[in-house]
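Data first, discussion second: the structure below is written as structure tokens.
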Amino acid sequence: MGNEWRNPQVLRAILVGRRPAGVAEITLRDLAVGVFLFPGPVLVATRAFGNWRRPVLLLLLAGVVCGLTTGLASYPRLLRDSVEWAEWFGGVVGEFRITETGFGWARPEKVPLTTRCKRWRVDFAEDTTPMTPEDGQGRERRGVWITPSRVCLWWLVPAGLFTQSESGLVVKTQDITRSLRALAQGTGQVRLAGDRFADTTRQALLLAAPVYLLFNCLWLMLLVALYIWLFTLMAVVLRRGEVTGGFGAVFAVNVLCAVPSMCVAGVYAALRLPALDFHTVFILAFFLYITMAFSSVRRMVSER
């Protein structure tokens, strides 16, 4: 980026809302380089014009890269665990078939039956049995509830501010009955032998890999976009002294701050490190980045 954006007089004039005439607008290449090498000046330069289109384009490019990176890093584990689970499940049921009225299997012959695999609990139950997985024995927080008429996934989450539970856990469920029927109609397989479960699961996941990567990119970018809007609204509503140039300028600055923060969170998530998740690392990196960036601007402005 041009040296004029690192001139203390220019930065001081922009910060007080008086952009000097004749200053060249910052380009996309300048943004891509400056956001990592010269964070303070490039944020001030972006605020001067209040143009959010180039920062958003840069954020989208970074989101695609981070989404593909984290998706490719997590996909092998997803494939391995899914194939192992399908192989185990196929050995348990022996055969799983889809009928006109519901589902059927070779084993178990008598229900109810509860079994476990890889921290998943699998319950075979009657249709009239209420689904109460939190009352079962064991430490599983997720599982599958199978009856002759439906198949449900369930998982336990801590009770929140608006939900109460005697056990402190709330059951969330997702009925995948229609998905199984649609898959059977699409593949023409209404009867699947247990020894074919693993191969069928592997083929399905390989075909769905592009969709998985695309969904991962969209999930990351939507999550980051939510935080950007929240930070922008907070800054505009509170009217801090650093907020000049209106909503568009503040939004463009926050978008740029999100680019390196997303990259840091993406690398952390791709390395599969414990303790923190993507959005926690992103928030920490965002606050650290914007603090360091404007601290560097204050030092440059006070030099002369």
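The values are calculated or read from the model by the stated rules, or taken from the named source; none is laboratory data. Model, not experiment: these values are computed from the prediction. No Cβ is skipped: glycine too gets one built from the backbone with ideal geometry, and neighbour counts run over all protein chains shown.
Name every residue in the stretch 81-111 that is free of Cβ contacts under 8 Å to residues at least 40 places away in the same chain, more than 25 Å from PRO130 (Cα to Cα) and part of a loop (DSSP other than H, G, I, E, B), in order of residue number.
If the condition is that a residue be free of Cβ contacts under 8 Å to residues at least 40 places away in the same chain, more than 25 Å from PRO130 (Cα to Cα) and part of a loop (DSSP other than H, G, I, E, B), then no residue fits.
Please work out which one of (1) exposed (fewer than 15 other Cβ atoms within 10 Å of the Cβ); (2) touching a strand residue (DSSP E or B) at 6+ places or on another chain (Cβ under 9 Å); (3) polar (S, T, N, Q) is the condition THR128 fails and give its number.
Tallying (1) exposed (fewer than 15 other Cβ atoms within 10 Å of the Cβ); (2) touching a strand residue (DSSP E or B) at 6+ places or on another chain (Cβ under 9 Å); (3) polar (S, T, N, Q), THR128 fails exactly one: (2).
Tell me, yes or no, whether the stretch 236-243 has at least one residue that is modelled with pLDDT of 90 or more, in the same structural domain as ALA62 (by TED's automatic domain parsing) and assigned to a helix (DSSP H, G or I).
Scanning the stretch 236-243 turns up no residue that is modelled with pLDDT of 90 or more, in the same structural domain as ALA62 (by TED's automatic domain parsing) and assigned to a helix (DSSP H, G or I).
Listed here are the residues, each with its yes/no results for (1) buried (at least 16 other Cβ atoms within 10 Å of the Cβ); (2) modelled with pLDDT under 95; (3) touching a helix residue (DSSP H, G or I) at 6+ places or on another chain (Cβ under 9 Å); (4) closer than 30 Å to LEU256 by Cα.
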| position | (1), (2), (3), (4) |
| --- | --- |
| ASP81 | no, yes, no, no |
| GLU87 | yes, yes, yes, no |
| GLY90 | yes, yes, yes, no |
| GLY94 | no, yes, yes, no |
| GLU100 | no, yes, no, no |
| PHE103 | yes, yes, yes, no |
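If we scan the stretch 10-32, do we find a residue that is assigned by TED's automatic domain parsing to the domain that holds TYR268, among the small types (Gly, Ala, Ser) and modelled with pLDDT of 80 or more?
Looking for residues that are assigned by TED's automatic domain parsing to the domain that holds TYR268, among the small types (Gly, Ala, Ser) and modelled with pLDDT of 80 or more, one finds at least one in the stretch 10-32, hence yes.
Considering only residues that are closer than 17 Å to LEU60 by Cα and crowded, with 20+ Cβ neighbours inside 10 Å, which ones fall in the stretch 262-285?
Answer for the stretch 262-285, where residues must be closer than 17 Å to LEU60 by Cα and crowded, with 20+ Cβ neighbours inside 10 Å: MET262, ALA265, GLY266, PHE282.
Scan the stretch 37-67 residue by residue and report those that are outside any helix (DSSP H, G or I) and at pLDDT 80 or above.
Once the filter is applied, which keeps residues that are outside any helix (DSSP H, G or I) and at pLDDT 80 or above, the stretch 37-67 yields PHE38, TRP52.
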